1. So which helices (runs of 4 or more DSSP H) are wholly in the chain and hold at least 1 residues that are at pLDDT below 90?
2. Working only within the range 18-51, note down all residues that are basic (K, R) and free of Cβ contacts under 8 Å to residues at least 24 places away in the same chain.
Amino acid sequence: MQSTGVVRLICFPRPDASSAAAAERAFAQCGPSVTPEALEQALRTAYPDVRAMERNDLAVLGGTARTSYVYRDGGLLSDPTEQEGRRAS
């Protein structure tokens with residue numbers, strides 16, 4: 001399935017409106033051909049552990065918008081000790 005140029009950002013943790021707003025601003029500055037690496041670089045000063053990734057095309061079930069995930073703390077869980085516990089399991 002071919003994606004359109006539209007990018008949808010999904011930011012974690014969800015309740016943090018300020019990091020989501022920062023990601024939106026970074027996206028606007030980078031433009032429509034933004035890469036996960038460019039988002040990370042734009043956000044790294046404020047959020048040193050930030051990680052961005054684009055959704056794999058295999059995860060698309062009918063939608064065609066490109067989706068990028070931005071993880072303020074480097075992963076889905078905000079607490080790094082929680083992330084370590086998940087990796088060890």
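1. Answer list for the chain: 17-30, 80-88.
2. R25, R44, listed by residue number.
The values are calculated or read from the model by the stated rules, or taken from the named source; none is laboratory data. Note that the coordinates shown come from a computational prediction; the quantities given were computed from them, not determined experimentally. Here Cβ is always computed from backbone atoms with ideal geometry, including for glycine, and neighbour counts include all displayed protein chains.
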